[in-house]
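Report on the following structure.
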Amino acid sequence: MVRYRRLRTAGATYFFTVALRNRRADTLVSHIQELRQAIERTRAVRPFDIDAMVVLPDHLHTVWTLPEGDSDYSARWRSIKSGFVRALRAGGMTLVANAKGEHSIWHRRFWEHQIRDEDDMQRHVDYIHINPVKHALVQRVVDWPWSSFHRYVRDGLLFADWVCAADAINRFGE
């Protein structure tokens with residue numbers, strides 16, 4: 001079995017990408033309430049701050065800051081993923097388990113990156129907020145409803161007209 005080496009620093013800030021197994025599905029946005037509930041239930045038991053986040057149809061990006069003395073983001077993702085699956089099943093969605101008893105909604109792994117400094121943080125937050133435009137889901141960042149961008153505008157950190165599709169082509173990369 002492959003052993004993944006992950007950097008774990010207590011109280012650190014991390015960027016994550018978490019995807020559905022079916023990259024053509026829209027399950028995350030069509031069941032946004034179930035996802036929100038799974039996240040909030042996890043935060044109630046294992047707190048963390050959500051610094052930025054965007055939920056797209058088949059994947060999400062987020063920046064979290066963990067509490068001092070805590071580096072266990074994997075348990076949080078396990079809790080969110082399983083809570084989301086339980087909510088879907090409770091809502092009547094038919095899910096088939098594999099030989100290990102796992103429901104194959106989520107991609108098994110996730111991508112994480114420890115934020116190094118303020119510049120790194122800014123680049124990742126910008127990437128999160130521009131993602132719906134990058135994936136041609138909307139023309140303007142403000143038009144995507146499932147993004148922390150709206151909180152940034154409300155808090156005066158960004159303007160509602162921050163980026164449109166033409167800007168994204170030249171200013172933001174993978």
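Readers should treat all values here as calculations from the given coordinates under stated rules, not as data from a laboratory. Because the structure is a prediction, the values reported are computed rather than measured. FYI the Cβ positions are ideal-geometry reconstructions off the backbone, even for glycines, and counts take in every protein chain you see.
Taking amide hydrogens as placed 1.01 Å from N in the peptide plane, the amide H of L20 sits under 5 Å from those of H59, H107, each at least 5 positions away in sequence or on another chain. In this rough spin-label picture, where each label sits 7 Å from Cα along the Cβ direction, the I50-S82 distance is 2.1 nm. Mean-square fluctuations from a GNM of the chain, with a 10 angstrom spring cutoff on Cα atoms, peak among F48, F15, F110 at F110. Size of the chain: Rg and Dmax of its alpha carbons, in Å, are 16.5, 50.
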